[in-house]
Amino acid sequence: MAKTKTSPARKGKAMSRPYAGKSGVKAAATPQVKAVTAGGTAAAAAAAKAVLREIVAPPAPAPAVTIVARLHGIEVPAAPHLDAALRQAIDEGRYEAREIRAALACIPKGARILELGASTGIVGAVLARQLAPAAMLSVEADPRAMEAIRALHSHNGLSEVISLRNAVVLSAPDAAESVELFLRENGVGVSILPPDGGEAKPVAVPVLRYADLAAEFPHDAIMMDIEGAELDFLRHADLSAVKIVVGEFHRDVYGRPGMRECRELLAAQGFAMDEEQSRNGVWAWVRV
């Protein structure tokens, strides 16, 4: 049988026909495929880069962080409550200096620390950086402080070291589910009593019962600055698993009788005051 010859023209058409595949649908030639045919390897590489530039957008730059103060290796980002006087106190090492000194002297490295009253978050951040705690939980009642504290922790690489909760810790067994506190007009902080004069903004804050918290987060050290609520806390708290309590005590809230009662309550639970580290309303108590 005679073979039919294919003309050169027909051969060219056959070779340029797009591949149909098993489905029989012809694949359209993309601009990138045409670039490969026309320009070879160099053109193909250029086309591929162009496609990648369109598909993979560069990541958005991280927002710039303005550092306004530094303390014991902690960089403090700008926040609305950090006015010029407070920034200066932090930079000069005067901010909560007695609390920080007592805590660093008395709390051992690797402790499990419960911080009651995180305030700006700076004291807790210093303890976390300097003492390398096995675990740390900071509790702050003021809901306005949460964002700034988290930013402080994040910037200093402490987000995985310190857990943060917005609550009030009460030790009374019949404590309510929430309490009404009063926000300070300037700065961060709440009070159990409305300020003298002017308007005070009340806020409902969730309550953590201390017995439940101690079961959830066992700890051997307490750092406490809760603006006068420490007396009521000590009246009901079982501190048998705690070895060290460092805190600020507020005679202006409960007077000399209240200060005396705080001493008696801590002594009754087996603590002795570290006289060297305790001064001017900041006390360090160590289990004996």
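Is the shape of region 96-168 best called rounded, prolate or oblate, per the rule: a/c under 1.5 gives rounded, else a/b larger than b/c gives prolate, else oblate, with a ≥ b ≥ c the square roots of the Cα gyration tensor eigenvalues? Prolate is the answer for region 96-168, as a/c is 1.5 or above and a/b outweighs b/c.
Projecting label points 7 angstrom from Cα along Cα→Cβ for residue 274 and residue 42 puts them 7.3 nm apart.
Taking 0.36 nm per residue of sequence separation and removing the Cα-Cα distance, the residue 184/residue 132 pair yields an extension gain of 15.5 nm. Note down the net charge around residue 80, summing +1 for each Lys or Arg and -1 for each Asp or Glu among other residues with Cβ under 14 Å from its Cβ. Computed value for this residue: -1.
Each other residue within a Cβ distance under 11 Å of residue 265 adds +1 if Lys or Arg and -1 if Asp or Glu, for a net charge of -1. For region 133-182, GluC sites (Glu not before Pro) are listed when DSSP marks them as loop and at most 13 other Cβ atoms sit within 10 Å of their Cβ; the list is 160, 177.
With the largest listed first and rounded to whole Å, the semi-axes of the equivalent ellipsoid of region 95-287 from the Cα gyration tensor are 22, 21, 17. The residue 89 and residue 201 beta-carbon pair, evaluated with R₀ = 22 Å, returns a calculated FRET efficiency of approximately 0.30. Of all DSSP-defined beta bridges confined to region 95-287, some 45% are antiparallel rather than parallel. What is the calculated FRET efficiency for residue 251 to residue 160, with r their C-beta to C-beta distance and R₀ = 51 Å, to the nearest 0.05? The formula returns an efficiency of 0.85 here.
Semi-axes of the equivalent ellipsoid of region 204-274 are 20, 16, 10 Å, computed as sqrt(5λ) over the eigenvalues of the C-alpha gyration tensor in descending order.
Rule-based calculations on the coordinates, nothing more; no lab input. Keep in mind it's a predicted model, so treat the numbers as computed, not measured. As a convention, Cβ positions derive from the backbone with ideal geometry for all residues, glycine included, and neighbour counts pool all protein chains shown.
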